[in-house]
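The values are calculated or read from the model by the stated rules, or taken from the named source; none is laboratory data. Predicted model only: the values in this text are computed from it and were never measured. As a convention, Cβ positions derive from the backbone with ideal geometry for all residues, glycine included, and neighbour counts pool all protein chains shown.
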Amino acid sequence: MRHSQLTPQQVAVPGILGGMGPLAHIEFERRLIQKNLERGISSDQDYPVWVLVNASNIPDRTQSIAGETADCAPWLLHYGHLLERCGADFILVTCNTSHAFYDRVQPQLSVPWIHLMEQTVQFIRVTYSQVRRVGVLATDGTLRTELYTRSLIQAGLIPVVPMLGSAVQLQIMQSIYHPQWGIKNAGVWISEEVMQILQQSMAWLRQQGAEIVIAGCTELSVALARMESPALPWVDPLEVAASLTLDLAFGKRSLQSIWAA
């Protein structure tokens, strides 16, 4: 893609690596559209051009981390290179757990892969400056690799997370993976079982002292967005990423600052 074909307002092309799970990039694109509407767009041409890969054949990330299926890193690198060839100036991977492979993949890319955890935690520090204890709802893979835990600690915040194998975490995994009513397997429908589990999980995090919750899995972003009265305020990494993507695409923030970070 030649940048001369873009509108004068757009300076960078986002590359979206989605398909992990099936709603991941769809929910992210919805947030991109909504955030752009909130910025006062008035025509189709006011949206940025972006390129998307629906990489649904990448092995399950949590299983890969546990050594139960193939290594995801080569797949992420393959699709990262594909997005580069399509003209992407930076890459946004909508799956949280995929960031466990970030340190192995990013050095082999020629454009920045935006680090979802670092950007989300930075958003919390700026927007919720009084918050110190941050709860995390996520997959076993994300918890095992301490993706949010490390970013929160580095920012001087206290992570509040369920223990791997605990009753709370087992229920959270069921809400994502259950073969009948889990979010990954229910299409666009969110079951009552899922909503009950997430309400209970957020209440448990509040009991542990959490002041705010990160939806540390794309499927959880989908479900929590439909929750009427969550037990705690929550932060959606997809919302954070959508705002950053628009800022980068339209030159309100520089790619150099992201690359240096």
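Can we say residue 238 is surrounded by fewer than 16 Cβ atoms within 10 Å (Cβ to Cβ) and hydrophobic (A, V, I, L, M, F, W, C)? No. Does the range 190-208 contain any residue that is touching an Asp or Glu at 6+ places or on another chain (Cβ under 6 Å) and surrounded by 15 or more Cβ atoms within 10 Å (Cβ to Cβ)? No: the range 190-208 contains no residue that is touching an Asp or Glu at 6+ places or on another chain (Cβ under 6 Å) and surrounded by 15 or more Cβ atoms within 10 Å (Cβ to Cβ).
On inspection, residue 171 qualifies as closer than 24 Å to residue 99 by Cβ and more than 20 Å from the chain's Cα centre (by Cα). Residue 136 falls short of the stated requirement of being within 30 Å of residue 210 (Cα to Cα), at pLDDT 95 or above, part of a loop (DSSP other than H, G, I, E, B) and touching a strand residue (DSSP E or B) at 6+ places or on another chain (Cβ under 8 Å). For the range 158-261, the helices (runs of 4 or more DSSP H) that sit wholly inside it and include 3 or more residues that are modelled with pLDDT of 95 or more and either of a type in the set (D, E, K, R) or over 18 Å from residue 148 (Cα atoms) (or both) are 167-177, 192-207, 237-249.
Put simply, of 243, 254, 221 the only residue that is closer than 27 Å to residue 22 by Cβ, surrounded by fewer than 22 Cβ atoms within 10 Å (Cβ to Cβ) and not basic (Lys, Arg) is 243. Any chance the range 22-45 includes a residue that's in contact (Cβ under 8 Å) with a residue 60 or more places away in the chain, closer than 27 Å to residue 250 by Cβ and in contact with a Cys (Cβ under 8 Å, 6 or more places away or on another chain)? So far as the range 22-45 goes, yes, one or more of its residues are in contact (Cβ under 8 Å) with a residue 60 or more places away in the chain, closer than 27 Å to residue 250 by Cβ and in contact with a Cys (Cβ under 8 Å, 6 or more places away or on another chain).
Conditions tested, residue by residue: (1) farther than 20 Å from residue 103 by Cα; (2) at pLDDT 95 or above; (3) of a type in the set (A, V, I, L, M).
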position	(1), (2), (3)
10	yes, yes, no
20	no, no, yes
26	yes, no, yes
41	yes, no, yes
61	no, yes, no
